[in-house]
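Below you'll find the structure, written out as structure tokens, and then a few comments.
The values are calculated or read from the model by the stated rules, or taken from the named source; none is laboratory data. Worth saying up front: this structure is predicted, and the values here are computed from it rather than measured. No Cβ is skipped: glycine too gets one built from the backbone with ideal geometry, and neighbour counts run over all protein chains shown. The protein model used for the area step is the full one, side chains on, heavy atoms only, and it has no ligands, DNA or RNA in it. Shrake-Rupley method; radii C 1.70, N 1.55, O 1.52, S 1.80 Å.
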Amino acid sequence: MPDTFMDADTLADLTTLRRDLHAHPELGFEEHRTAAIVAARLKAAGLEVTTGLAGTGVVGTLRRGSGNRAIALRADMDALAMPEETGLPYSSTMPGRMHACGHDGHTTMLLGAAEALVEDGAFSGTVHFVFQPAEEGRGGGARMIAEGFLEQFPVDAAYGLHNMPGLDLGVVAAVEGPQLASSDSWHVTFRGIGSHGAKPHQGRDAVTAAAQFLGQLHGIVAREVDPLEPAVVSACALEAGDFAALNVIPEQVRIGGTARAYSAGVRDQLEEAIGRHAQGVAAGYGITAEYQFTRRIPPVVNDPGATATAQAAVRARLGEAHLRTAFPPSTAGDDFAEFGSRVPGCYVWLGMGATRENGQHHNTNYDFNDACIPHGVAFWQAVVAAELG
């Protein structure tokens, strides 16, 4: 039960905070209000506070004893550019913006853990509480690293947590190996020769070439990637012609999409194969293809040692019944990978219980379940004890 891990007054305070953040969602690198609230509460609790890293990032540092080991605990703060349709009394007050992935809950739980560890944290070493901006595809993790996070806050391990609707309430899935896929973007522009729609022989048809390419695209995963290696290639945007001129075959077609993989080798394979198919189709139709593959987020792969520490933490604080050591990986991405690919890292899932109707991540009816706040705070406290106790 939640009151095993947190008293009612603390839970009420953190719930109020979470719902306030939910009502005031901010997009990546625009989390000024959220960052100010986080920084103020960390300072009030007595932590060292650093602001401005990656623009709106906040790092709270808590040092105890003589231990020379340091760890990073990371939460994301940003919302999504989408409308909210929950009808909740604390729903978004910002049109077209919504906390549809639970980062309001992540921020609240890590802040609650920082405050709790100031009051009752028997450890020796350093904890950096990292409140990261712009996880939702805007590159906040990469920017924190580029601006010197690891030089300013050297750490021996990093931990991340994400809520999971449908996983039993308060259960933590801490699993060794791949957890989230790489998240990369690709663009292809086919350039032909435009012509009258009634006289296609006078041009070079980029539209038909694009259709051929789309038909071949899904053969990459089906026929080129090892079937034991998960991968995704999807076309997600298509632009060509003008519906006001349906007798004109356009000169160019633009196609864009995403590619996902769990290993560096498959990631490389997807980059090469998409371009090869585009160039091959273009050559067959006597046109050209411009290809760009943009690497955005590496895969999240949990380190064995850090994962064992996270599992031990769950057993010690939450109990064996709250631990899952097997859980399916996700083809979504998370730029916690920017931390976990540089130091030993572990990214866990925290169960939110039964899913709201149409309430999965990135859905207009999503809402974070406040009942899991005590479990998340307890997990963070336990990780610190396991790493630095």
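Here the condition is being farther than 24 Å from Leu161 by Cα and in a strand (DSSP E or B); of Val266, Val253, Val301, it holds for Val253 alone.
Six or more apart or on different chains, Cβ atoms under 6 Å: show the pairs whose first residue is in the range 134-146 and of a type in the set (A, V, I, L, M) and whose second is part of a helix (DSSP H, G or I). Taking only residues 6 or more apart or on different chains, the pairs are Ala134/Gly140; Ala142/Glu338; Ile145/Glu338. Looking across Val207, Val188, one residue alone is farther than 30 Å from Asn365 by Cβ, in contact with a strand residue (DSSP E or B) (Cβ under 7 Å, 6 or more places away or on another chain) and in a strand (DSSP E or B). It is Val188.
Residues in the range 233-257 that are of a type in the set (A, V, I, L, M, F, W, C) and surrounded by 17 or more Cβ atoms within 10 Å (Cβ to Cβ): Val233, Ala235, Ile249, Val253, Ile255. Going by what's in this entry, would Phe339 be described as open to solvent by less than 20 Å² (accessible area, probe 1.4 Å) and either at pLDDT 95 or above or part of a loop (DSSP other than H, G, I, E, B) (or both)? It is true that Phe339 is open to solvent by less than 20 Å² (accessible area, probe 1.4 Å) and either at pLDDT 95 or above or part of a loop (DSSP other than H, G, I, E, B) (or both). Return yes when Arg315 is open to solvent by 10 Å² or more (accessible area, probe 1.4 Å), modelled with pLDDT under 95 and under 28 Å from Ala8 (Cβ atoms) and no when it is not. No.
When every residue of the range 145-154 is checked against the conditions, at least one turns out to be buried (at least 17 other Cβ atoms within 10 Å of the Cβ), of a type in the set (A, V, I, L, M, F, W, C), touching a strand residue (DSSP E or B) at 6+ places or on another chain (Cβ under 6 Å) and not in a helix (DSSP H, G or I). If you go through the range 51-84 and pick out every residue that is part of a strand (DSSP E or B), of a type in the set (Ser, Thr, Tyr) and open to solvent by less than 40 Å² (accessible area, probe 1.4 Å), you end up with 1.
Can you give me the number of residues within the range 97-138 that are under 23 Å from Leu180 (Cβ atoms), crowded, with 20+ Cβ neighbours inside 10 Å and of a type in the set (Gly, Ala, Ser)? So the answer is 5.
Does Gly170 meet the test of being in a helix (DSSP H, G or I), in contact (Cβ under 8 Å) with a residue 40 or more places away in the chain, buried (at least 21 other Cβ atoms within 10 Å of the Cβ) and touching a strand residue (DSSP E or B) at 6+ places or on another chain (Cβ under 8 Å)? So Gly170 fails the test.
Has the range 43-50 got at least one residue that is within 15 Å of Gly112 (Cα to Cα), assigned to a helix (DSSP H, G or I), open to solvent by less than 50 Å² (accessible area, probe 1.4 Å) and at pLDDT below 95? No, the range 43-50 contains no residue that is within 15 Å of Gly112 (Cα to Cα), assigned to a helix (DSSP H, G or I), open to solvent by less than 50 Å² (accessible area, probe 1.4 Å) and at pLDDT below 95. Annotation: of all residues in the range 269-298 being assigned to a helix (DSSP H, G or I) and among the charged types (D, E, K, R), the one that is nearest to Ala231 (Cα to Cα) is Glu271.
Mind checking whether some residue in the range 42-60 is under 17 Å from Asp367 (Cβ atoms) and over 21 Å from the mean Cα position of the chain (by Cα)? No: the range 42-60 contains no residue that is under 17 Å from Asp367 (Cβ atoms) and over 21 Å from the mean Cα position of the chain (by Cα).
Residues in the range 8-26 that are open to solvent by 60 Å² or more (accessible area, probe 1.4 Å) and touching a residue at least 60 places away in the same chain (Cβ under 8 Å): 1 in all.
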